[in-house]
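The values are calculated or read from the model by the stated rules, or taken from the named source; none is laboratory data. Source: prediction; values computed, not measured. With ideal geometry, Cβ positions are generated from the backbone for all residues, glycine too; neighbour counts draw on all protein chains shown.
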Amino acid sequence: MYTKQKVKRILLNEVSIFIYLWLVLFLFTLIFGRGRNQFVMSAIHLAFTLNSVAMTTLNNFVLMPRFLIKGRYVTYFSLAVLLIVCFGISEEFLIEPLLMDSARGGASLRGLSFAAFKSLFIVSLFSAYKLIWDYQQKQQRLEQLEREKVESELKFLKSQISPHVLLNNLNNIYSYALDQSEKTPEMIIRLSELMRYMLYEAREKWVPLEKEIDYLADFIELQKIRLEDRGEIDFEVEGSLDNHRIAPLLLVAFVENSFKHGMGVPDDKVYIRISVQVAEGELRFYTENSRDPDVDEQMIELDSERGIGLTNVKKRLELLYPDRHELRLDHDQSRFYVYLTIQLQ
């Protein structure tokens, strides 16, 4: 039993539309030409139509694919002219003498010229249809290939993000385990929640914004355990997260970067602020973190450009939100900033 998709492909393929066009043309000329002369009697009109159908079929499905589309223009146009002349001759010297010679007075060169001109018009009309159809099919194939390329690249980028986050946190847990810290079990539980999201929820191209923010909250709580009492972490969410979707694992790279730079400052001067605001279908994401003023600014810029997480998320933003996002990274003597706005799904 055919599915709706299969039926649609059958009804809307090139051959089907070719047949529809001829049916419309046949009925139109039959209806509007019937009352003028004997030429449009149904049986006679059908004979002329079948002659033209055979001519356009040879042109559209034999000559054009084999010669014109392959760039063999001289061969195609030579054969097309021969085709038009042959079918003009068959109409004027075969069909008309057999069916209409009393009405038209027999075959003539003038009649042949008229038949050839009519054949040229019909061939040109259906050749235009063939070229338009092939162009549309080519564009659809190119768009499909582009979509598949983008999907493959996105899957590759996302596959790098998950191990990147996992390895970084495993290294942290390992160091706590070596010290036999009491915080190790809690860190493992937090990490298991992160992994559950990355393995199951984040497989989809789009996820509810609320789940992505919950994932960020778990990630931040895990980092707070590492921070202990060395500074201050602010995480705030404003606006309604309902009915919005976002690409998964898109924001965590910026959060991870904030902790990476923020926890590198000496003494107890760590400051990290993460803000998520949703208003009028737009996500405004902001991070601010302290940084070591003794670290060279160019090294910070280099690190922000080459870090696995940030590099990937920039590429994903370009692929998923072209012309629908704005990203700005900035820093001063003591702070590092990220400003990101996204037009949400």
In segment 59-98, how many residues are among the aliphatic types (A, V, I, L, M), more than 24 Å from VAL15 (Cα to Cα) and surrounded by 13 or more Cβ atoms within 10 Å (Cβ to Cβ)? 4
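Scan segment 247-270 for residues that are closer than 15 Å to LYS314 by Cα and of a type outside the set (S, T, N, Q) and jot them down. Spell out how you get there, then give the answer.
Pass one, segment 247-270, residues closer than 15 Å to LYS314 by Cα: 247-257.
Result: ALA247, PRO248, LEU249, LEU250, LEU251, VAL252, ALA253, PHE254, VAL255, GLU256.
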List every residue pair whose Cβ atoms sit under 7 Å apart, with the two residues 6 or more apart in sequence or on different chains, where the first one lies in segment 247-275 and is more than 22 Å from LEU320 (Cβ to Cβ) and the second, anywhere, is part of a helix (DSSP H, G or I). PHE259/GLN223; MET263/LEU227; VAL270/LEU227; VAL270/GLY262; TYR271/GLY262; ILE272/SER258; ILE272/PHE259; ILE272/GLY262
In the list LEU249, LEU191, LEU216, LEU222, which residue meets the criterion of being assigned to a loop (DSSP other than H, G, I, E, B) and either hydrophobic (A, V, I, L, M, F, W, C) or not assigned by TED's automatic domain parsing to the domain that holds LEU320 (or both)? LEU249
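Output the number of residues of segment 94-121 satisfying the condition of being at pLDDT 75 or above and either in contact with a strand residue (DSSP E or B) (Cβ under 8 Å, 6 or more places away or on another chain) or not polar (S, T, N, Q) (or both). Reasoning before the result, please.
Our first condition is that a residue be at pLDDT 75 or above; within segment 94-121, this holds for 94, 113-121.
Then keep just the ones that are either in contact with a strand residue (DSSP E or B) (Cβ under 8 Å, 6 or more places away or on another chain) or not polar (S, T, N, Q) (or both); that gives 94, 114-118, 120-121.
Residues in segment 94-121 being at pLDDT 75 or above and either in contact with a strand residue (DSSP E or B) (Cβ under 8 Å, 6 or more places away or on another chain) or not polar (S, T, N, Q) (or both): 8 in total.
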Out of curiosity, is VAL237 modelled with pLDDT of 85 or more and aliphatic (A, V, I, L, M)? yes
Check on SER258, of a type in the set (Gly, Ala, Ser), at pLDDT 80 or above and over 19 Å from GLU210 (Cβ atoms): yes
What is the number of the single condition among (1) under 20 Å from SER258 (Cβ atoms); (2) under 36 Å from the mean Cα position of the chain (by Cα) that ARG196 does not meet? (1)
